[in-house]
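Trainee: Pasting in a structure now, in structure tokens, and then I'll have a few things to ask.
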Amino acid sequence: MEELYSRRYISYPDGFWDILEERRRTSDLSHALRTFNPQPYKGAPPCSSSELNRAVLESQFLRHVVKEVSAESGEPVEVVRDEASGLLEEMSQNLQLTFIRLLGFSLSKVFKRLFQKILINEEGLNRLQQAIPEHPVILMPNHRSYIDFLVLSYIMFTYDLPIPVIAAGIPLMSMKLIGEIFRRSGAFFIRRAIGDDKLYWALLSEYVRTIVRIGFAPVEFFVEGLRSRTLKSLPPKLGMMHMVLEPFLKGEVYDISLVPISISYDRVLEESLLAHELLGVPKPKETTRGLLKARKILEDDYGSMHVCFGEPLSVRGLAKGTVNRWQYNLVPRDLPAKPSEETLGFVSGVAHLVVRLQEKGMVLSPWSLIATVLLQNPLGMDLDALIQRTCWLRELVEGFGAVLHWTGQVPACEVVLSSLSRHHSVVRCEKGRVTLVEEAGASPATPEEGVFRRAAAVLMCASYRNQALHVFVRPALVATAITSPTVTDEDIFAHFQFLQDVFSNEFIFIPGTSHQDFEEGCSSLRKCGAVQVCDQQIRVTEEGKDTIFFLTAVLEPFIQTYQMVFRHLTNEPDQPFTERQYITGVRSSTLKRILSGDVQSFEALSSDVQKNVLSGLVRMGGVTKLKKGVRSEFRVDKTTIGRIADKLAGKMPPHLTIQSRL
Amino acid sequence: MASIGDGSERQRIAQQRLRVLAGHLRRLGAEERPGVAAQECRAGPRTRRENVPAAPQDIMKWNGWGYADSKFFFNKKGQGEFTGKRYRLSGLILPSLKDWFEGTFGANLQHKSPAVPSLNTSAVAPPSLNEAFVEELKSTGIPFSHDTEDRVFRAHGHCLHEIFSLRDGRVGRCPDMVVWPNCHNDVVKIVELACKHSVCLIPYGGGTSVSSALECPPEETRSIVSLDTSQMNRILWIDEKNLTAHVEAGIIGQDLERLLNESGYCTGHEPDSMEFSSLGGWVATRASGMKKNIYGNIEDLVVHIKMVTPRGVIEKSCQGPRMSTGPDIHHFILGSEGTLGVVTEVTLKIRPIPEYQKYGSVVFPNFQQGVACLREVAKQRCAPASIRLMDNEQFQFGHALKPQVSSIFTSFLDGLKKFYITKFKGFDPHHLCVATLLFEGDREKVLQHEKLVYDIAAKFGGLAAGEDNGQRGYMLTFVIAYLRDLGMEYYVIGESFETSVPWDRWVLDLCRNVKERIVRECKEKGVQFPPLSTCRVTQTYDAGACVYFYFAFNYRGLSDPVHVYEQVEHAAREEILANGGSLSHHHGVGKLRKEWMQETISSVGLGMLKSVKDYLDPNNIFGNRNLL
């Protein structure tokens, strides 16, 4: 009773409530030792981890692949089978309740020190609770921090829900002790860059499918593939997505529930690492000692964290009318088969949808708004102006439908000041003026070093702006299309589509939904009064000019970077290059241009954006990817890049038909 | 011309065989039964009633399944009873039926939904006759009728919507007249006349269709003539050297078996509808018999087929057991569902009546184990004459039909059995399932075979559960259609449908997914009570199995229950197809499942069939619009 009461008491108006609150009042030990009796998926017979592994190894699918691999490599079948068994050993989880309890106990301690609050939406959790016994459940959180999955398992444990098995990257495993603890907490480990390793692919996919098929436990994986270094959603990876969907497509389970989970941080633990990685300083190898050193992190204030459990998606519902499951009728289900175009399209659509829903479930911190404002005023701002602009922005994003962690009663200046003080590593406020913090140390030896220091500060700030980017991107693309000098009214949508195409590695768009995206962008602009739509024409209103300017400015760094890379590639001598050569080349040429004042945005130095440009160009035919042994090489098609660059600059109508209107 | 066997030994076997058959199919001896005869076609004008002695509506229900004297009802004490004398259950009290019925469907004996007592003939549109056709037909002397009852009786099969409408007193488009050819030549004449006068012909055999195949297309503007084959019911000859029999296609299954039995033979073809369905119907729908493991399905049984089409008569010139003469023309006829012509005569393989027959049953702890056992039996190719696996719901259903036990001793034994299985062996009564078996052959081999099968079953946790349970399982097949009529008295509607599906996991997954889809669709469509959604595996093959679904629900609170039913069945069929099941194993396509034909056989395949139709019947005389 008391528990119920207290929950209601601390519940927040927007449906979130703090799970740490109770931890601060009652014993962590009894929390860790509580009776844990979750209701499993109804179809699931009890099954131990070793039985699971045996089922995988003995499956028809794996036996088939082992035979194939043996025939291809000339190794005897037994050797290949042993190899498979070893790989599975390396991969598999070994979920044990004792370790969950141990972890639960230590996490209670750690979380209480790190965070003021861990807020979760109870409604979402209730829905999850109802979904688990019905169908196999896939938990799909976004990935911003190493502690994402710890938090999720911790919540599941606290709420008496089955502990998920988690797809984790192999680097985690190589950390002594920690790797083992994670393994026993349900993590299984996947190698990076599996490439063409047929046996490994087969093992991994059969392992995942078996877990889903028998409902062993909820499967948790990061559809973005890796931790986002930019705090911006990453385009989804489709391999694992396909594996978890396959049991439904092949009729092995009636349905599967996908649960998008949005984890939002006021401040990310790894923030200082992020910018350095983007600038090309390699990421420290994950070691246990490294983790222990990170203890000083514990001294700092990381604000609140929001975990929003989205509405479970029925895969059956999503597949209805999209995938014809008859296609699986003609090939034995146990044999490896290449998925059809239709299936791949479906998998991609689902994956994008989940990422989009993750974005929608994000809770924005006021700091993201502040960072957005600051980036548009790189030389710093007066505190008053900053507060005013932030409040203006708050109204705008709330109008766009975003959820903000900004309770109404607290005065704006207090919110801004507390954000500024929490992020003292990024900004400083002195004498009423707010500026970005550059790395301390002796004054830079070279101008290049100075640029890098400045860039590190900008990128750190940009990461926090990126957390809010999904709110702006659609209206901003419309705004950019409207204001593009050569775009006529009829061409606005075409230009919007072109921009979406160019930036589809940068921002998340669900394939085939550009009409809806355009509608959404336009209606956001209309609602905030920035534009008026009459007679199929979109007009910027007088009072909307500021908003339009702001929105185009949000996209500006990206457009600049893309143009910068386009110019670099068209000026380079015509010869194939590797990705590494490309990054080095672009970095030095960007550095030059920044020093010469040719390029203003320091974000152009972000290797993330640079890589996105390359993938975008491959997609649009500006660059061809050549397979050469293990490594890929790229060759540039300068005319195509030139055309894309011109279009982006608004020098040419998006398509060549001449419009007589106007 | 070979004829009836006369040895006393054969007589004895025949009688034994008869008793065996009566085991699951007890019926009244009919007064006027066709005999084995190689008669010439009788011609000459006759008056209708004399000529059409077996007006089926006289002994059969006009708005439900089977014999008019056989039906389930709840007596004043609320106990279930089955009337008549034809079946093993007839005249018995079924004490647990009410509880099962009310518990399963949420039905209540107070809430009745009775049928209209008799057909209101004025509700039927008057026949639109093609006078010229009628005139010429009269001159041939072939009997015909445009009596309303005759027409209505041949206007439907046994789909739920058809029976539901009849119970409501609603009748749609009916044939405008019924004609009873007496032999092949009569059919040739009728088809010629139909072509000449542009009349639509719909062949009618036993009327047991469950695919809307007999429904008259409402858009048909020509006069529709129902061609009733029931008078073409003779065995024309039996060839004991080659073990074949040449039979007119209108013969009803049970008559065919009985007559052959008299000569010491059987076809062994026993579809569940064999009491009422006809040989021609089997050919036209690619029927499957319960004992196909020994005797084969209809396509394995036929040696020769004669069919009258608008283009002429199609048949082969010899009866060689196998030919390589291009695509087998029999396969254009088998499954043609009355769209190409009328099957008039068929030569079938026959077998001596088996010496010994034994039922059996095995209890499995769950459906998975049961399917695994059936799969193993199929793999070892040692399936008995029949092997079927009921799921748990159906097992409980079977128990609801247990008659009142006569002695304390039997009830004690039953209790002991139950105790042994559930308590001692630890079977969960809500998961266990039962396989029913039927062995046939000479005694020694049957006993050996039986041991082999039980040994395999034991490997999958199966426990032998006695002959009685097995026999009751097969009996269920024959009475289940009667049960639907009982349900319809109390707001419960339902139907069965079937599919065939490859082994491996498809069988299990398909069963689970289809059952779950049914439950969910019902909920979505507003059905207030959980439906009965149950399945069984009824046939095993080397590469797969035939699965049969029963689906029924309580429709109180629904304004258009039939529409809801049809939507759910449609969804279930989609689910079957998406899970690798076939459009039909033996019920056929009719009009009910036409929409999936193109995806099922590819548009080229469909085009192929259409071109055959176009050649044989360019004016669509056989206009029932099934299949294509």
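Trainee: Please report, in cubic angstrom per residue, the volume enclosed by the convex hull of the alpha-carbon atoms of chain B.
Mentor: Spread over its residues, the Cα hull of chain B gives 159 Å³ apiece.
Trainee: From other protein chains only, count the Cβ atoms within 10 Å of every residue's Cβ in B:507-516, then give the mean.
Mentor: What the average comes to for B:507-516 is 3.
Trainee: Kirkwood Rh over alpha-carbon pairs of the range A:482-601, then Stokes-Einstein at 20 °C and 1.002 mPa s: what D in µm² s⁻¹, rounded to an integer?
Mentor: It diffuses with D of about 128 µm²/s by this estimate.
Trainee: Subtracting the Cα-Cα distance from 0.36 nm times the residue separation, let me have the gained length for A:GLU341 to A:ARG24 in nm, one decimal.
Mentor: Gain on extension, A:GLU341 to A:ARG24, equals 108.9 nm.
Trainee: Are there trypsin sites (Lys or Arg not before Pro) in the range B:189-284 that DSSP marks as loop and that have at most 11 other Cβ atoms within 10 Å, and which are they?
Mentor: B:LYS241
Trainee: Please say if the range A:129-243 is rounded, prolate or oblate, where rounded means a/c under 1.5 for a ≥ b ≥ c the square roots of the C-alpha gyration tensor eigenvalues, and otherwise the choice is prolate for a/b larger than b/c and oblate otherwise?
Mentor: Note, shape of the range A:129-243 comes out rounded.
Trainee: Right, something else. To the nearest 0.05, what FRET efficiency results for A:ASP598 and A:GLN327 with a Förster distance of 51 Å applied to their C-beta separation?
Mentor: That pair, A:ASP598 with A:GLN327, gives E of 0.45.
Trainee: Measure out, as a whole number of angstrom, how far apart the alpha-carbon centroids of the range B:544-607 and the range A:300-366 sit.
Mentor: 29 Å
Trainee: Using a Förster distance of 45 angstrom, determine the FRET efficiency expected from the C-beta separation of A:LEU417 and B:GLU524, and round it to 0.05.
Mentor: 0.25
Trainee: Which loop trypsin sites (Lys or Arg not before Pro) in the range A:602-653, with loop taken from DSSP, have no more than 14 other Cβ atoms within 10 angstrom of their Cβ?
Mentor: Here the sparse-neighbourhood loop sites are A:LYS651.
Trainee: I would also like to ask the following. Could you give the dipole magnitude of the range A:549-648 about its Cα centre, charging the beta-carbon of Lys and Arg +1 and that of Asp and Glu -1, in debye to the nearest 20?
Mentor: 380 debye
Trainee: Just round it to a whole percent: the fraction of Cα-Cα distances in the range A:546-620 exceeding 18 Å. Please list the in-between numbers first.
Mentor: Values: 1090 of 2775 pairs.
In whole percent, the share of Cα-Cα pairs in the range A:546-620 beyond 18 Å is 39.
Trainee: Now for a separate question. Counting only other chains, what is the mean number of Cβ atoms within 10 angstrom of the Cβ of each residue in peptide A:253-265? Numbers along the way, then the final one.
Mentor: Details: counts 4, 10, 4, 0, 0, 0, 0, 0, 0, 0, 0, 0, 0.
Per-residue shielding by partner chains comes out at 1.
Trainee: Add +1 for every Lys or Arg and -1 for every Asp or Glu among the other residues with Cβ under 15 Å from the Cβ of B:SER496, and state the total.
Mentor: Values: positive: B:ARG388, B:ARG484, B:LYS515, B:ARG536, B:ARG573, B:ARG593; negative: B:GLU162, B:ASP272, B:ASP391, B:GLU393, B:ASP485, B:GLU495, B:GLU498, B:GLU566, B:GLU569.
Around B:SER496, the surrounding residues sum to -3.
Trainee: Something else: If you take the beta carbon distance between A:THR435 and A:THR407 as r and set R0 to 30 Å, what does 1/(1 + (r/R0)^6) give as a FRET efficiency, to the nearest 0.05?
Mentor: 0.60
Trainee: Summarise the partner chain shielding of A:240-250 as one whole number: the mean count of Cβ atoms from other chains within 10 Å of each residue's Cβ. Let's see the in-between values first.
Mentor: Details: counts 0, 0, 0, 0, 0, 0, 0, 1, 1, 1, 5.
The mean count of partner-chain Cβ atoms within 10 Å per residue comes to 1.
Trainee: So what's the projected area for the range B:89-213, the Cα convex hull averaged over all directions, in nm²? Write down the numbers at each step before the final one.
Mentor: Working: hull surface 44.0 nm².
Taking a quarter of the hull surface, the average projection is 11.0 nm².
Trainee: Let me ask you something else. With +1 on each Lys and Arg Cβ and -1 on each Asp and Glu Cβ, how big is the dipole of the protein assembly as shown about its Cα centre, in debye rounded to the nearest 20? Walk me through the numbers on the way to the answer.
Mentor: Details: 149 positive and 149 negative charges, 403 e Å.
So the magnitude is around 1940 debye.
Trainee: Rounded to the nearest 20 debye, what is the charge dipole size of the range B:87-244 about its Cα centre when +1 sits on each Lys and Arg Cβ and -1 on each Asp and Glu Cβ?
Mentor: Its charge dipole is roughly 340 debye.
Trainee: Then there is this: Within the range B:485-587, report the chymotrypsin sites (Phe, Trp or Tyr not before Pro) that DSSP leaves as loop and that have at most 15 other Cβ atoms within 10 Å.
Mentor: Counting only loop positions with at most 15 other Cβ atoms within 10 Å, none of the chymotrypsin sites (Phe, Trp or Tyr not before Pro) in the range B:485-587 qualifies.
Trainee: Along the charge dipole of the range A:237-280, which of A:VAL253, A:HIS276, A:ILE263 sits closest to the positive end, that is, farthest toward it, with unit charges on the beta carbon of Lys, Arg, Asp and Glu (+1, +1, -1, -1)?
Mentor: A:VAL253
Trainee: Tell me which residues come under 5 Å, amide H to amide H, from B:GLN539 once H is placed; ignore anything under 5 positions away on its chain.
Mentor: Result for B:GLN539 returns B:CYS546.
Trainee: Reported to two decimal places, what Rg/Rh ratio describes chain A when computed on Cα atoms with Rh from the Kirkwood expression?
Mentor: On the Cα set of chain A, Rg over Rh gives 0.96.
Trainee: Rg to Rh for the range B:74-159: what is it, with Cα atoms only and Rh by Kirkwood?
Mentor: Numbers: Rg = 21.5 Å, Rh = 17.7 Å.
Here Rg/Rh amounts to 1.22.
Trainee: Just list whichever of A:LYS232/A:LYS647; A:LYS250/B:LYS112; B:LYS112/B:LYS525; B:LYS85/B:LYS591; A:LYS360/A:LYS638 have alpha carbons separated by over 32 Å in the model shown.
Mentor: A:LYS250/B:LYS112; B:LYS85/B:LYS591; A:LYS360/A:LYS638
Trainee: Each residue of the range B:472-480 in turn: what ³J(HN,Hα) in whole Hz from Karplus with 6.51, -1.76, 1.60 and θ = phi - 60°, glycine and Pro shown as x?
Mentor: 5, x, 6, 4, 3, 3, 7, 9, 4
Trainee: So, one more: Tell me which of A:PHE602, A:GLY621, A:SER589 sits at the most positive position along the dipole axis of the range A:581-640, charges placed on C-beta atoms (Lys, Arg +1; Asp, Glu -1).
Mentor: The Cα lying farthest towards the positive end belongs to A:GLY621.
Trainee: While we're looking at this one, here's another question. Please report the spacing between the Cα centers of the range A:517-590 and the range B:377-394 in Å, no decimals.
Mentor: 67 Å
Trainee: Can I ask one more? If the chain between B:GLU131 and B:GLU574 were fully stretched, how many nm would it gain, using 0.36 nm times the residue separation less the Cα-Cα distance?
Mentor: Contour length minus Cα-Cα distance gives 155.0 nm.
Trainee: Convert 4 °C to kelvin, take the viscosity as 1.567 mPa s, use the Kirkwood radius over C-alpha pairs of the protein assembly as shown as Rh, and evaluate the Stokes-Einstein diffusion coefficient in µm²/s, rounded to a whole number.
Mentor: On the way: Rh = 36.2 Å.
After rounding, the answer is 36 µm²/s.
Trainee: Considering only Cα-Cα distances, which of the following residue pairs are longer than 20 Å: A:LYS320/B:LYS515; B:LYS379/B:LYS515; B:LYS316/B:LYS610; B:LYS291/B:LYS379; A:LYS198/A:LYS237? Could the numbers behind the result be given before it?
Mentor: Working: A:LYS320/B:LYS515 18 Å; B:LYS379/B:LYS515 26 Å; B:LYS316/B:LYS610 22 Å; B:LYS291/B:LYS379 18 Å; A:LYS198/A:LYS237 18 Å.
Flagged as over cut-off: B:LYS379/B:LYS515; B:LYS316/B:LYS610.
None of the figures in this text is laboratory data; all of them are computed from the coordinates on show. Here the structure is a predicted model, which is why all the values come from computation and not from measurement. Cβ atoms come from the backbone with ideal geometry, glycine included; neighbour counts cover every protein chain shown.
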